[in-house]
Amino acid sequence: MKRSVIFLLFAITISIMLSGCGASLSEEELQKRREDYLVLIDSHHAVGYDNNFKLLKEINSMEENLRILWKYYLSDHDFPDRDTRKNVELLIKLGNFDFIAEGLRSKAAPDNPYYNDWPRDSQYNTKSETVWFKDEEILWLMLLLPDSDIPEEHAGFKEVLAECGKNILGGDLDEPATREGIWFYFEKTSPGLLEKIDPKFLEYFSNEIKTAYKNADEDIQNRFINAIDPENFRYSNFALK
């Protein structure tokens with residue numbers, strides 16, 4: 001009996017040791033993770049987040065830290081300093097397009113060819129939990145991410161972003177994002193007209209996005225126009241006949 005207990009304890013010890021060895025990381029990988037952690041911290045400070053996000057760890061991969069950041073801070077309505085523009089600026093700085101693509105996937109067609117061999121980013125190692133973006137974050141991506149900044153291996157990402165734009169800007173007229181899409185259309189064709197027709201129409205629409213759109217170049221503004229269908233609202237009660 002005593003010998004069996006000793007053998008069992010020995011087996012458990014060996015098992016723990018082996019599992020620990022399997023989970024160990026090389027010094028090169030540990031150094032890379034430390035560097036990625038510093039890049040992430042520096043980047044979220046650079047976009048204006050001053051918080052000390054205590055759940056982020058040097059030992060985590062970049063993708064693991066991004067998931068923690070998004071799950072516990074950037075998607076949390078109760079987080080007092082949450083800012084959709086800063087969120088998007090952070091992601092663009094980091095350039096992890098597979099992470100961004102995952103956030104867009106729920107608003108893109110499930111058979112979009114971009115996702116055939118996804119993920120492909122070397123930073124992207126797990127698919128433990130799905131991240132998702134709010135409509136406003138997608139609008140900011142359309143405004144802040146020039147096509148020229150999208151790497152060649154992610155060329156299909158442009159179509160995903162355009163598709164998501166169509167889905168959120170060309171939907172039901174009762175949806176806030178669609179009302180925002182109407183503003184983009186009128187601001188492009190007749191600046192200031194929509195506010196004159198109905199000053200309260202965009203009371204929930206971010207003034208920051210409106211300003212950014214007005215200051216955007218022609219290609220960016222056309223991206224919004226191409227993402228909506230004017231026939232959806234051409235004869236609604238706020239439009240001029």
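A short reminder: the numbers here are calculations on the coordinates, not readings from a lab. All figures in this text were calculated on a predicted structure; none of them were measured in a lab. Using ideal geometry, Cβ is built from the backbone for each residue, glycine included, and neighbour counts are taken over all protein chains shown.
R0 = 51 Å: FRET efficiency of Lys32 with Ser190, Cβ-based, nearest 0.05?
After rounding to 0.05, the efficiency reads 0.45.
Could you tell me which of the pairs Lys32/Lys93; Lys166/Lys196; Lys188/Lys210; Lys107/Lys188; Lys86/Lys200 are separated by over 20 angstrom between their Cα atoms in the structure shown?
The answer is Lys166/Lys196; Lys107/Lys188; Lys86/Lys200.
So what J values fall out for the stretch 141-147 if you push phi through Karplus, 6.51 cos²θ - 1.76 cosθ + 1.60 with θ = phi - 60°, rounded to Hz, Gly and Pro as x?
After applying 6.51 cos²θ - 1.76 cosθ + 1.60, I find 4, 5, 7, 9, 10, x, 4 Hz.
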